[in-house]
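> Pasting in a structure now, in structure tokens, and then I'll have a few things to ask.
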Amino acid sequence: MNHLLSECHYKCAKSLIAKQTIENLDRLPSLEPMAKLRSLLSSCLLSVTVSIVLLQVPSRVHSVTLKSDVEALQALMQAVDPVSIVRYSYLHSWDFAFDPCEAAGLFQGIVCTFPADKSANRIMAIDLDPAGYDGFLTASIGNLTELTSLRISKNNFRGPIPETIDNLQKLTRLSLTQNLFTGRIPQGIINLKHLQILDLSQNHLSSKIPADITTLRSLVQLSLSNNALSGRIPDLSALWQLSTLDLSSNNLDGIVPNLPMNLRKLSLSHNVLSGHLSPVSVLQHLTVLDLSDNRFAGLIRQEILTLPLVERLNVSNNQFTEMEPLPYPREGLQLRVLDAHANRLRGHLPISLVNIANLSSIDLSHNHFSGRIPLEYGAKLGSSWKSLLLEDNFLIGNLPPQFINGTVAVRANIAHNCLRCPPNIRFCRGGQRPNSECVGQHDHSN
């Protein structure tokens, strides 16, 4: 109690309120010393309470955030249709009657710096919620020169990406995915040397990928998928830190260029790429490889099938005609999912697939395979193979026993072939080809 009174008396004595309180008490000689102390304590607690309340109220007096940063935030908000700023969204919390960096509970989605030298606060990150904001990304964004992260994904921002983006020299993350941006990728983006994540996917960007994008040596993730980019993919081998590259669903053509050796995820699907796959076959760190829906042709080489860490390989919807066999069992391969459907693969089903120990899902449907289903396939079905799709080929003959007694847990389809396939067999549902389509497919078995 004495310690509390002493501390409170010290704080109050340094304030005008405390001074006045003591003077008033001294004018009351009739009060006992303990009564004086109680009165002093009440005055002190009142003063502290008032001080705490005042500290919790956002200041309207003056801004401690750099004026140009505040103006840039105002311009960003003004470029958004007010109708799309719904209640409880981040932008709905922005109230410029208060300082953006000092107002507790306001300006959601904003992160500030607070310099130790007491200079003006700066905006260092903008991370807007996916509230469906409809508007433009103002050129004033380039004034936020301390910005390290800009994420406005999953909204309806439209128009071009402003060229002033190249002023944001400290950016490490730029994510504008799932908006309606149009035009080209700003050339000045190559000046953002600290950029680690660049995600412009799912917009309406056109033109070519800037050749100088290879100067962004800090990139670890580059996603430009689901746009309307055209032309050739530039040589990206200099991006030695890049681990994820997604250029899928564009109009990119030509051959696959040299690629970063440390890539772990590569998707080039849904383009018009062609030529050989040598630049891919040397990427020993890949775990996911998607080359589907292009114009690759010829042989699927074993170098692609045996990339040591690839778990999912998709080469479907191309023009491949042959799959190179694997000469011996491959115990160390991580491949679990192989999708090669909708090609022009011919000949017998590749028996060597049973040599890939971890393989569990195979799709070879919609090709031109002929001959019998190997007995080795039957042995794998229901043990390590959980999904086997062979429909829409020209397979003939009787089924391996495991296909007839298949378990419910196995997913398989052998419809629309030239097989002797009883209609009561679950995997045969859908029927077989008419005899006219099976002319020339001979079964020489007993």
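> Checking the condition at negative phi, of a type in the set (S, T, N, Q) and free of Cβ contacts under 8 Å to residues at least 40 places away in the same chain, which residue from SER230, SER248 passes?
Every option except SER230 fails the conditions.
> Still on this structure: Looking only at segment 312-322, decide whether some residue is out of contact with any Cys (no Cβ under 7 Å at 6 or more places or on another chain), under 26 Å from ILE373 (Cα atoms), among the hydrophobic types (A, V, I, L, M, F, W, C) and in a loop (DSSP other than H, G, I, E, B).
Yes, because at least one residue in segment 312-322 is out of contact with any Cys (no Cβ under 7 Å at 6 or more places or on another chain), under 26 Å from ILE373 (Cα atoms), among the hydrophobic types (A, V, I, L, M, F, W, C) and in a loop (DSSP other than H, G, I, E, B).
> I need the full set of residues from segment 393-405 which are in a loop (DSSP other than H, G, I, E, B), out of contact with any helix residue (DSSP H, G or I) (no Cβ under 6 Å at 6 or more places or on another chain) and open to solvent by less than 40 Å² (accessible area, probe 1.4 Å), in order please.
Passing the criteria: ASN393, LEU399.
> Another one. Could you figure out which of (1) under 24 Å from LEU286 (Cα atoms); (2) of a type in the set (A, V, I, L, M); (3) open to solvent by 20 Å² or more (accessible area, probe 1.4 Å); (4) out of contact with any Asp or Glu (no Cβ under 8 Å at 6 or more places or on another chain) isn't true of VAL337?
Exception for VAL337: condition (4).
> Among the candidates ASP117, ASP166, ASP134, which residue alone is of a type in the set (Asp, Glu) and closer than 16 Å to TYR90 by Cα?
ASP134
> A follow-up question, please. Restricting segment 158-180 to residues that are outside any loop (DSSP other than H, G, I, E, B) and out of contact with any strand residue (DSSP E or B) (no Cβ under 6 Å at 6 or more places or on another chain), which is least open to solvent (accessible area, probe 1.4 Å)?
My answer is ILE165.
> Further question on the same structure: Please determine, by comparing only the residues of segment 102-111 that are buried (at least 20 other Cβ atoms within 10 Å of the Cβ) and modelled with pLDDT of 95 or more, which one is farthest from the chain's Cα centre (by Cα).
Among residues in segment 102-111 that are buried (at least 20 other Cβ atoms within 10 Å of the Cβ) and modelled with pLDDT of 95 or more, the one farthest from the chain's Cα centre (by Cα) is PHE107.
> Same structure again: Name the single residue, out of those in segment 330-368 being among the charged types (D, E, K, R) and outside any strand (DSSP E or B), that is farthest from GLN319 (Cα to Cα).
If we take residues in segment 330-368 being among the charged types (D, E, K, R) and outside any strand (DSSP E or B), then GLU331 is farthest from GLN319 (Cα to Cα).
> Being closer than 16 Å to LEU200 by Cβ and crowded, with 19+ Cβ neighbours inside 10 Å is the filter here; which residues of segment 137-150 pass it?
Scanning segment 137-150 gives LEU137, ILE141, LEU150.
The values are calculated or read from the model by the stated rules, or taken from the named source; none is laboratory data. All of these numbers come straight from a predicted model, not from anything done at the bench. Note that we place each Cβ from the backbone using ideal geometry, even for glycine, and neighbour counts take in every protein chain shown. All accessible areas refer to the heavy atoms of the entire protein, side chains included, with ligands and DNA or RNA removed. Shrake-Rupley method; radii C 1.70, N 1.55, O 1.52, S 1.80 Å.
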